[in-house]
Amino acid sequence: MKIFTFNFKNQVAIFICMNISIYANAQVTLTNQVTDSSFLKRIKTDSSKQKLNMDCVYDKPFLSVGKLPIALGGYMEANTQYSGTNGVPSGFSFQARRVSIFLESSIAKNIKFNSEIEFANGGKDIEVEYAFLDMEFHPLFNLRGGIIVNPIGSFNENHDGPKWDFVDRPLSSTTIIPSTLSEAGFGIFGKYFNNGWSLGYEAYLTNGFDEGIILNSDGHTSLADGNQNQNKFSQTNSGLPMFTGKIAIRNRAIGEFGISYLTDIYNKWQTSDGLIIAPKRSANILAGDFQTSQFNNKLTITTEVAKVYVQLPDNYNQNYGSQQWGGFIDFVYTVIQHKMFDWEHAKFELALRLQYVDYNIGTFKETGGNIYDDLWAITPGIAFRPVGSTVLRLNYGYQWQRDIFGNTPVRTAAIQFGVSTYF
């Protein structure tokens, strides 16, 4: 998540007020089925097209307003939670996690602008998820520049709340891969389709991490902490670009498999006048992801695994590991789908998420004993979708976490009920 370094709140508030005024003056009733002649027109996505995970930045509902060149959309998430650790309750609370606004514009033929602005914690934090310009020269060769969502794993790009049956985001996708990871930069992407097969690639050079990876209060290596540089949209910490690339292949009957790689020099290794002050130290992520839908799309399986490699200073604190890994697997099964109340295709789903993260792969230098610092978690849940863009979800999460010595795990349980919807 990226926090703007200038005051953006007044500008966004003015923009929203202008749109509310437009809607009020239109004096039309908006439904899910708006005709082409209406002042307000819903831009729908075509589910019959062959799509890859990389298409998710455009595969969202938008609303166009008259002849204005900008289409508007967004999503929100809110939940309530009751949790406890080692049998001691932490209490009951409501959480207004985020409201995100999408803005999209077709500037000219094969030239598009796309962006997402997020209001987190009730508007306390205003963050830019992405804001980029796409220029299409050929389906296999497109240029993208601006604030880009780095294509590492699958969740980082495809993280919108309404798409998931779980209140919390996967641990491996937020603490191993620091989702949402987006950086200023440029790159290319493309797709190829043939007889039910789809192939896509993305490759970007962007700004990267800083020494917060190992200079943090978390007590272990954390790429998320290395992504908090307030100057990241204007310069890279090391003076060298970070590379992120992904290749994905999809078959309608089998599913989609992707492999991605990120590499960056995260430390300041030379002064502005060229004096070498430290060896270059790299941070790298290798990730694989897979998604499939089976039994007439009733069962969906989504999984992602990532491994982190970080070069540490010699004799650095052993709490900080040079390697980490983690992953999750989600099972979502549609139990019932038919008309309920006034919703034609409402459905109930059963969901299960299994997770594991290891923040320090290795052994102690003194004894050769294993370093633990790992966490297991299981989250069963029930979800109700009155329409595809809206979800009500009830989760029970249980996790147990060990410290670096493998002592008795700290056990945490939580009951969560939440809602999330596109608008």
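Things to note:
- The chain - percent of accessible surface contributed by carbon and sulfur, probe 1.4 Å: 60
- Mean-position separation - Cα centroids, region 282-357 and region 397-423, in angstrom: 15
- Cα gyration tensor category, rounded, prolate or oblate, for region 266-423 with a/c compared to 1.5: prolate
- Placed amide H near Leu223: partners under 5 Å, 5+ positions off or other chain: none
- Mean Cβ neighbour count within 10 Å, used as a protection proxy, ranking 196-207, 340-351 highest first: 196-207, 340-351
- Net charge contributed by nearby residues that have their C-beta within less than 12 Å of Trp164 (K/R +1, D/E -1): -1
- Approximate spin-label separation Asn216-Ile301, in nm, with each point projected 7 Å along Cα-to-Cβ: 3.2
- Added length on full extension, which subtracts the Cα-Cα distance from 0.36 nm per residue, Ile188 to Asn284: 32.5 nm
- Given charges at beta-carbon only (K, R positive; D, E negative), |dipole| of the chain in Debye: 960
- C-alpha long axis of helix 9-26 to longest principal axis of the chain, angle in °: 20
- Label-point separation in nm, Leu354 to Ser234, each point 7 Å along Cα→Cβ: 4.8
- Solvent exposure of the chain as accessible area per residue, Å², 1.4 Å probe: 49
- Our coupling estimate for region 365-378, obtained by passing each phi through the Karplus curve with A = 6.51, B = -1.76, C = 1.60 and θ = phi - 60°, is 5, 6, 10, x, x, 5, 8, 8, 6, 10, 8, 10, 8, 9 Hz, Gly and Pro reported as x.
- Global geometry of region 71-147, whether rounded, prolate or oblate, following the gyration tensor of its Cα atoms and the 1.5 cut on a/c: prolate
- Positive minus negative residues near Gly381 (Lys, Arg vs Asp, Glu; Cβ under 13 Å): -1
- Dipole-positive endmost among Val419, Gly226, His338 within the chain (Cβ charges, Cα centre): His338
- Residue-by-residue Karplus 3J(HN,Hα) for region 293-300, coefficients 6.51, -1.76, 1.60, Hz, glycine and proline x: 10, 10, 6, 6, 6, 6, 10, 10
The values are calculated or read from the model by the stated rules, or taken from the named source; none is laboratory data. Worth saying up front: this structure is predicted, and the values here are computed from it rather than measured. Note: ideal-geometry Cβ built from the backbone for every residue, glycine included; neighbour counts use all protein chains shown. Just the protein is used for accessible areas: all its heavy atoms, side chains included, with ligands, DNA and RNA removed. Shrake-Rupley method; radii C 1.70, N 1.55, O 1.52, S 1.80 Å.
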